[in-house]
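All remarks here apply to the structure that follows.
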Amino acid sequence: MKTLVFGASGATGKHVVLHLLERHHAAKIVVRESAKIPDKFLEDQNVEIIKGDIDRFSTEEIHALLVDCDSVVCCLGHNLSFKGMYGKPRKLVVNAVRKITAALAASNTPKKFVLMSTTAYTNKSHGEKNTSGEKLVFSLLEILLPPHKDNVLAANHLLYEVGASKQIEWVAVRPDGLIDEESTSHYELLENKIRSPLFDPGKTSRINVGHFMVELLVNEDLWGRWKFKTPVIYNKG
Ligand SMILES: NC(=O)c1ccc[n+]([C@@H]2O[C@H](COP(=O)([O-])OP(=O)(O)OC[C@H]3O[C@@H](n4cnc5c(N)ncnc54)[C@H](OP(=O)(O)O)[C@@H]3O)[C@@H](O)[C@H]2O)c1
């Protein structure tokens, strides 16, 4: 199996690639010229490195990258710097998701798509509701914090524009507060949030997110359970 990974130089994306390599699967990673690439990726023949900025890629270029891949994972996110949060591209994630889904729609064979989303996304189509406090804060964040708006638009694109498509099977994984851990641990997967991401956030290890994403790609039962959904992932305990 070969997976095209966007955001592979990021704190979560690198775990996706490492989990793929651990299982002897191949990864084609798209990273910026300036990205720091882990030595392990440079040394492993199962990693193909494509340098370039996703924001400048056309749908046709992404389609060409996809030809020999079975699946796509997008772990893109805005860097936690003033430039990353407020500079361009403000719609990094949704623009990438739009191009990826357009490229997938043009593929001859159906391929899986996994998006890194967030519990800050409220899946209203699945009965989730925000409290009045959350509504107020999320509305402010949509105005004041471009990366939040970007994540909302990206998940909305999958739910409301792509929907349950035959050609594009997708899962939008929603971690809660991300933390870094050395090894995987037990985690739980839920259809809906059970804690407020704003006022009572839980924890989710990035390594567990990577583990779940790769499990989705390799385990057909798990994929069938979560396709077209927005699973929430929390560390257990
Ligand atoms: N913080 C939380 O608690 C939390 C919780 C749930 C979900 N999330 C979401 O999870 C996502 C990923 O989180 P993370 O911590 O793994 O992120 P991260 O370490 O910052 O990784 C972001 C990735 O996106 C790439 N990227 C950033 N700006 C780019 C640009 N302009 N053009 C091309 N690539 C670009 C980065 O590439 P470079 O290496 O080149 O910079 C990197 O590969 C984010 O969208 C975040 O909103 C966060």
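Nothing in this text is a laboratory measurement; each read-out follows from the coordinates by a stated rule. Just so you know, these numbers come straight off a predicted model, no measurement behind them. Every residue, glycine as well, gets a Cβ built from its backbone with ideal geometry; the counts of neighbours run over all protein chains shown.
Things to note:
- Net dipole in debye of the stretch 50-205 [+1 Lys, Arg Cβ; -1 Asp, Glu Cβ; about Cα centre; nearest 20]: 520 debye
- With contacts taken as Cα pairs under 8 Å at a separation of at least 6 residues, the stretch 2-235 carries a relative contact order of 21 percent.
- Extension gain, Leu80 to Val218, is 46.5 nm, computed as 0.36 nm per intervening residue step minus the present C-alpha separation.
- Expressed as a fraction of 2.2 N^0.38 Å, the value expected for a compact globular protein of N residues, the C-alpha radius of gyration of the stretch 2-235 is 0.95.
- Mean projected area (nm²) of the alpha-carbon convex hull when the stretch 2-100 is viewed from all directions: 5.9 nm²
- Of the GluC sites (Glu not before Pro) found in the stretch 156-237, the ones in coil according to DSSP and having at most 11 other Cβ atoms within 10 Å of their Cβ are Glu182.
- Quotient of the Cα radius of gyration of the stretch 78-194 and 2.2 N^0.38 Å, N being its number of residues: 1.15.
- When the convex hull of its Cα atoms is viewed from all sides, the stretch 138-192 shows a mean projected area of 5.8 nm².
- For the stretch 107-175, convex hull volume per residue from C-alpha positions, Å³: 89 Å³
- Each pair of Cα atoms in the stretch 28-76 enters the Kirkwood radius, and Stokes-Einstein at 20 °C and 1.002 mPa s then converts it into a translational diffusion coefficient of 180 µm²/s.
- Pairwise centroid distance, computed over Cα atoms, of the stretch 14-56 with the stretch 211-230, Å: 21 Å
- Each of Ile54, Leu80, Leu153 was scored by the projection of its Cα onto the charge dipole of the chain, and the greatest displacement toward the positive side belongs to Leu153; charges sit on the C-beta of Lys, Arg, Asp and Glu.
- Taking all C-alpha pairs of the stretch 161-227, those more than 20 Å from each other amount to 36 percent.
- Leu42/Lys129 FRET efficiency (R0 41 Å; Cβ-Cβ; nearest 0.05): 0.30
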